Structures are given as structure tokens and as C-alpha cells.
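Please treat every number below as a calculation from the coordinates, not as lab data. Note that the coordinates shown come from a computational prediction; the quantities given were computed from them, not determined experimentally. With ideal geometry, Cβ positions are generated from the backbone for all residues, glycine too; neighbour counts draw on all protein chains shown.
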Amino acid sequence: MRQSGRNGRTVSLPSGEQVPALGLGSWHMGDDPARRSEEIATLRLALDLGVTLIDTAEMYGEGAAEELIGEALGDRRDEAFLVSKVYPHNASRDGVPAACERSLRRLRTDRLDLYLLHWPGGVPLEETVEAFEALRRAGKIRHWGVSNFDLAEMEALWAVPGGEAAATDQILYNLARRGPEWDLLPGLARRRVPAMAYSPLEQTRLLRKPALMDFASRHGMTPAQAALAWLLARKDVISIPKTASRERLRENVAALELALSDEQLAELDRLFPPPTRPSPLAML
Ligand SMILES: NC(=O)c1ccc[n+]([C@@H]2O[C@H](COP(=O)([O-])OP(=O)(O)OC[C@H]3O[C@@H](n4cnc5c(N)ncnc54)[C@H](OP(=O)(O)O)[C@@H]3O)[C@@H](O)[C@H]2O)c1
């Protein structure tokens with residue numbers, strides 16, 4: 001499929017559809033008019049480079065990021081795999097379709113490829129799942145999933161009628177946030193549900209960690225490339241680093257060419273150890 005992207009690295013959704021393992025985030029895009037033209041150029045370059053999975057949310061700039069993406073994609077919408085998210089307070093039987101219509105209008109499209117519940121909220125999951133499934137039947141969304149769900153919350157979701165159709169759980173996961181490896185990632189893997197790793201660069205804080213800077217310089221890569229190559233080496237994980245710069249996008253995409261060796265992965269395990277006990281799922 002075109003949505004697999006030209007970069008070749010893909011992850012399977014539970015339906016069997018392949019999506020790019022490296023996508024593009026959009027939080028804070030559309031906030032600053034002075035950055036707008038570079039943001040649009042970066043989104044279009046992303047399509048050229050095969051980074052066709054684009055993540056957004058109604059929350060980002062209260063619609064401003066979706067509007068920017070709609071403008072940037074223009075007549076190239078079919079090249080993209082568009083992910084958006086509904087606020088938990090909109091996740092009701094009537095709220096989901098209304099929020100979806102607003103997102104579709106801002107994104108200038110007739111369908112979302114993946115629609116996520118942004119974080120667990122007060123609306124019963126049965127109702128949200130019912131609303132997602134109705135949108136799917138109507139062709140307004142192709143897949144749905146959740147975000148910021150821990151394993152207990154995923155189990156509650158899988159227990160409601162239709163809940164096992166969830167296509168992903170988008171979570172905070174990076175070298176400095178390995179907690180999900182304790183039970184959430186194995187739990188998702190048992191159901192063949194890929195994780196989507198947000199803030200893969202820890203919003204740049206990871207890039208300033210001396211251990212990662214040192215690792216990267218010794219192995220001839222940048223800290224961002226090391227952080228992304230580590231995530232790309234993990235099975236069934238989709239990463240969505242955000243950048244609004246063409247130069248940094250090219251840098252990030254080059255991480256796809258960096259297959260970390262077993263020795264390099266072992267070194268990263270020493271520098272950023274995997275969890276040894278359960279911890280609550282963190283959220284940014
Ligand atoms: N589901 C959720 O609750 C949730 C929460 C947070 C994020 N997200 C999604 O995940 C996406 C990614 O997470 P994030 O934006 O929080 O953080 P991130 O991707 O870890 O980091 C983004 C920051 O890193 C910078 N950056 C990108 N590439 C770089 C590079 N090669 N070198 C140096 N700096 C670089 C960006 O600046 P420039 O743009 O200037 O390059 C931006 O400031 C979001 O945009 C959003 O789509 C979802």
C-alpha cells in the first residue's frame with residue numbers, strides 16, 4: 001500500500017495492514033505563524049521521504065495543528081496515514097461523531113485512518129467503542145485505538161463488546177521511559193497490538209543526556225538518531241517524533257538506515273536499563 005511509505009520499515013496493525021514504523025508528530029505545529037511555512041514544507045517533505053503516518057489531535061492548538069496538516073497535505077491526502085485523537089470529554093455516543101466531523105473538516109478529508117481516545121476519561125468505554133465502531137461502519141474512520149492506557153485499562157477495554165478491535169495504544173515510550181516494557185508491551189504483543197511511542201525524544205530532554213550524547217558520538221550518529229534507532233529496533237513499535245524542520249526531519253529519517261548491533265543495544269541497556277519492577281504509566 002502507498003501508506004507503507006517508501007522508507008520500507010513497517011509495523012503490522014492487527015488487521016494486517018502495514019504502516020510506517022517512523023511517523024511524524026504534530027504537537028505545537030500551527031502555534032506560531034512565523035514557523036508556518038517551514039512546518040508546511042516539513043510535512044510535505046515527510047510525504048516525499050515516506051514518513052506518511054502523521055499524528056495529530058483535536059487538542060493540539062485546539063484544532064490549529066489539524067488545520068495546518070489539512071493545508072499542507074492539500075491534494076496529497078491519499079499519500080498519508082492520518083491519525084487523530086478525540087478528547088475524553090468528547091468520547092460519548094454523540095460527542096465522538098461530532099468531534100470526528102470537526103477533525104475531518106479541519107484536515108480537509110472525508111476519513112481518518114486511525115482515531116484514538118486521547119486518554120482514559122469518564123465516559124464508559126462501551127459507549128466510546130460503540131461510537132468508534134459506528135464511525136468505522138460509516139467509513140469516517142478506518143481504524144480506532146486508544147492512548148495513555150495502562151495494561152489494566154487495556155484489559156478493561158478488551159472486555160467490552162467490540163473492544164478487541166483496538167488497533168494501537170499510543171504511549172510515552174523512549175530510552176528514558178522504559179516502564180511499559182514491564183507488562184504493557186508484553187500484554188499488547190500477546191494481542192498483536194502495536195504500541196505507538198510518543199515523545200520518542202522526550203521532547204528533546206533525552207538528547208541532552210550525557211550518556212546518550214557520548215554513545216551517539218562514539219558510534220557516528222546524532223543523539224536523536226540513536227534514540228530513534230533504538231525504538232526502530234523494537235518489534236511492533238511505531239515512533240512519531242515531531243519536528244517542524246526539514247533539516248531535523250532528514251536527520252531523523254536517516255535513523256532508518258541505522259540498524260543497531262547487538263553490542264550497541266546491550267550498551268544502551270546498560271546506560272538506560274530496562275525496568276526491574278512495575279511502575280505507573282507516565283503521561284506527558
Ligand atoms: N497521546 C499523547 O498523549 C501524546 C503526548 C505527547 C505527544 N504525542 C504525539 O507524539 C508526538 C511526538 O512527541 P513530542 O512532540 O511530545 O516530543 P518529541 O517528538 O520527543 O520531541 C519533539 C521536540 O524535539 C525536537 N526535535 C525533533 N527532532 C530533533 C532532532 N533531530 N534534533 C533536535 N531536536 C529535535 C522538536 O523541535 P523542532 O520541531 O524544532 O525540530 C521538538 O521540540 C507529538 O508531536 C504528538 O503528535 C502524543
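If you count the DSSP beta bridges with both ends in the chain, what percent of them are antiparallel, to the nearest 5?
15
Spin-label point model (7 Å from Cα, Cβ direction): what's the Ala152 to Asp269 distance in nm?
Roughly 3.0 nm, to one decimal.
Which whole-number percentage describes the relative contact order of region 2-271, with Cα contacts under 8 Å and a sequence gap of 6 or more?
On the way: 517 pairs, mean separation 51.3, N = 270.
Value for region 2-271: 19 percent.
I want to verify the translational diffusion coefficient of the chain in µm²/s; compute it with Stokes-Einstein, Rh as the Kirkwood radius over Cα pairs, at 25 °C and 0.890 mPa s.
130
Helix-only estimate, please: 222 nm mean residue ellipticity of the chain, summing -39500 (n - 2.57) across DSSP H runs of length 4 or more and dividing by its residues, to the nearest 500. List each step's numbers first, then the result.
Details: 10 runs with 102 residues, N = 284.
The helix-only estimate for the chain comes to -10500 deg cm²/dmol at 222 nm.
Of the peptides 236-248, 198-210, how do they stack up when ordered by the mean number of other Cβ atoms within 10 Å, highest first?
On the way: 236-248: 21.0, 198-210: 17.6.
Order by mean packing, descending: 236-248, 198-210.
For a protection proxy built on the mean count of beta-carbon atoms within 10 angstrom, sort 8-21, 41-54 highest first, please. Mind showing how you got there, number by number?
Numbers: 8-21: 17.5, 41-54: 21.6.
The most tightly packed comes first, giving 41-54, 8-21.
Sort 264-272, 98-106 for me by packing, meaning the mean count of neighbouring Cβ atoms within 10 Å per residue, highest on top. Could you put the intermediate results ahead of the total?
On the way: 264-272: 15.0, 98-106: 18.1.
For the peptides 264-272, 98-106, the packing ranking is 98-106, 264-272.
How much FRET efficiency would the formula 1/(1 + (r/R0)^6) give for Ser279 and His89, where r is the Cβ-Cβ distance and R0 is 30 Å, rounded to 0.05?
Values: r = 27 Å, r/R0 = 0.90.
The pair Ser279/His89 has a calculated efficiency of 0.65.
Any idea how far apart Ser37 and Ala165 come out in nm if each label point goes 7 Å out from Cα toward Cβ?
Simple spin-label model gives 4.5 nm for this pair.
Run the dipole for the chain about the Cα centre, Lys and Arg Cβ at +1, Asp and Glu Cβ at -1, nothing else charged, and hand back the magnitude in debye, nearest 20.
Numbers: 36 positive and 40 negative charges, 90 e Å.
Result for the chain is approximately 440 debye, rounded to the nearest 20.
In whole Å, what are the extents of region 143-210 along the principal axes defined by its C-alpha atoms, from largest to smallest?
The Cα atoms of region 143-210 stretch 47, 23, 17 Å along their principal axes.
Asp48 versus Asp183, label points 7 Å from Cα toward the beta carbon: distance in nm?
Here the answer is 4.8 nm between the modelled labels.
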